[in-house]
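Please read the structure below before turning to the comments.
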Amino acid sequence: MTLASIVHVVLHAAVPGAVAWFFFRTRWRRAWLIMLATMLVDLDHLLADPVYDPNRCGIGFHPLHTAPAIAGYAVLSLLRPTRLIGVGLLIHMALDLADCGVQHAGYFASSIACLRAGSVIGMRTAGIR
């Protein structure tokens with residue numbers, strides 16, 4: 001496991017913890033645990049072959065990491081009963097997108113364009129995994 005992979009995993013725990021501490025202070029532990037539970041969204045990696053590819057960007061590739069799914073997470077974050085789940089999922093997607101940027105220089109512009117077009121195939125043809 002590379003240093004970048006380790007930092008990525010640590011951020012998946014630390015960022016929700018910081019958000020919980022600053023925005024949900026009276027119930028930060030509960031908020032943090034709920035947001036940590038949203039890491040289960042990565043179960044969609046089990047549908048990929050290979051399951052783990054350190055050079056593959058999950059945004060736009062895995063079914064729960066696509067634009068429609070992310071739009072759903074944004075809606076969840078607006079509704080009080082599901083706010084922590086939505087925020088946790090959006091944090092997760094933001095960290096995964098940032099990881100894609102670290103993996104591939106100039107990735108952000110192409111990934112956003114592909115997400116807008118809903119084109120996973122476009123990303124693959126452009127050589128972006």
Determine ³J(HN,Hα), in whole Hz, for all residues of segment 50-55 in sequence, where each value follows from phi through the Karplus function 6.51 cos²θ - 1.76 cosθ + 1.60 and θ = phi - 60°; x replaces Gly and Pro.
-> x, 4, 10, 10, x, 9
What does the highest-first list of 61-71, 89-99 look like by mean Cβ count within 10 Å?
-> 89-99, 61-71
Expressed in angstrom and ordered largest first, the alpha-carbon extents of segment 1-83 along the principal axes are 42, 30, 15
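Each reported figure results from applying straightforward, stated rules to the coordinates on display, with no laboratory input. Predicted model, so just to flag it, every value in this text is computed and none were measured. A quick note on method: Cβ atoms are made from the backbone with ideal geometry, for glycine too, and the neighbour counts reach across all protein chains shown.
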